[in-house]
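No lab work stands behind these numbers, since they all come straight from the coordinates. Please read all numbers here as calculations on a predicted model, not as lab measurements. Virtual Cβ from ideal backbone geometry, glycine too; neighbours counted across all protein chains shown.
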Amino acid sequence: MDAERDVVVDIEDVTFSYRDSPAIENVTMRVYKGEFVAVMGPNGSGKTTLLRVIAGMVKPQKGRVSVKGVVGYMPQKEHVNYSMPVRVWDIVSMYLLAKKRSFSAMSGLSEEERDRVKRALEDVGMLDYANSPFTALSGGQQQRVLLARALAIKPDVLLLDEPFNGVDLPTQERIIELLSDLSKRGVTIITVVHNVSPMIHHVSRVALLNRKLIAFGKPEEVLTAENTLKAYGVVIPVTVCEEGFLHPLFGDIHG
Ligand SMILES: Nc1ncnc2c1ncn2[C@@H]1O[C@H](COP(=O)(O)OP(=O)(O)O)[C@@H](O)[C@H]1O
Ligand SMILES: [Mg+2]
């Protein structure tokens, strides 16, 4: 990587433990502006923890984290539980409103902010559901709303935790295009995924995690038999598409 490029996320020798044993250990990674990074690894390998550390939601016991700019975070759907009948519009406005609270508790969104909420919902194809209760949506639709919420704050760094669980294939493709466009416009994307294949043409680097960072680099350098065996305990077979990209074949392996 070009040393002159802007480092946007700088993680140096980070260890974080919830209790005694570390969820991530001695992780060092530097992500540049406009990169599109896929984070992979088996269940419980620390992927969500890594995103939480980058988002500043938890503080590592050891190491240093620095992030430049506004961070948008789309949580893993399984970790979100809104039992209240909140409308889609309110979910997407939530962070914008939270940011304003210190200025004036009573002020709603400005016209420009309402526009942003609208555009974010449009981008994920959920504008028609703006007035629907969040709980009435399918799992995939809820994911898209959570993505819209992260987009609405105009992030410089966008963190996504398994954004495609329960999302149908056409929508998945649309979201991948959206993320790719954002990264081309300088937004840094870091996304946890089970299966990197659908986005492999857009990804700049893959981070393979199993508590420690096993490998971090170009997909074809990272997704080797040796590395996948280390991370998943099995070798993940790969195929090469017509355009020469390597596609791992995940089958039943879940991250
Ligand atoms: N809130 C928590 N309290 C205690 N342990 C946790 C908590 N969240 C995650 N862990 C543990 O930390 C490890 C990494 O979890 P996580 O980052 O969620 O992995 P992944 O997202 O890769 O499935 C797991 O062993 C998990 O059980
Ligand atoms: Mg997780």
K59 versus E242: modelled label distance in nm, points set 7 Å from Cα along the beta carbon direction: 5.5 nm
To the nearest 10 degrees, how steeply does helix 169-184 sit against the main Cα axis of the chain, on a 0 to 90 scale? 90 degrees
If you build a Gaussian network model of the chain, linking Cα atoms that sit under 10 Å apart, which residue out of D13, D128, D181 swings the most? D128
Take the chain, connect every pair of alpha-carbon atoms lying under 10 Å apart with a spring to form a Gaussian network, then pick out the residue of N210, N81, N26 with the largest mean-square fluctuation. N81
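Can you give the extra length, in nm with one decimal, that the chain gains between K230 and D181 once fully stretched, where that is 0.36 nm per residue apart less the Cα-Cα distance?
Value of the extension gain: 14.4 nm.
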Any chance you could give the angle, 0 to 90 degrees and rounded to 10, that helix 88-100 forms with the longest Cα principal axis of the chain? 90 degrees
Among F164, F134, F245, determine the one that fluctuates most according to a GNM of the chain built with springs between C-alpha atoms less than 10 Å apart. F245
In vacuo Debye scattering of the range 83-154, one point per C-alpha: log10 I(q)/I(0) at q = 0.14, 0.15, 0.25 Å⁻¹? -0.39, -0.44, -1.10
Using per-residue counts of other Cβ atoms within 10 Å, averaged over each peptide, order 137-146, 169-178 from highest down. 137-146, 169-178
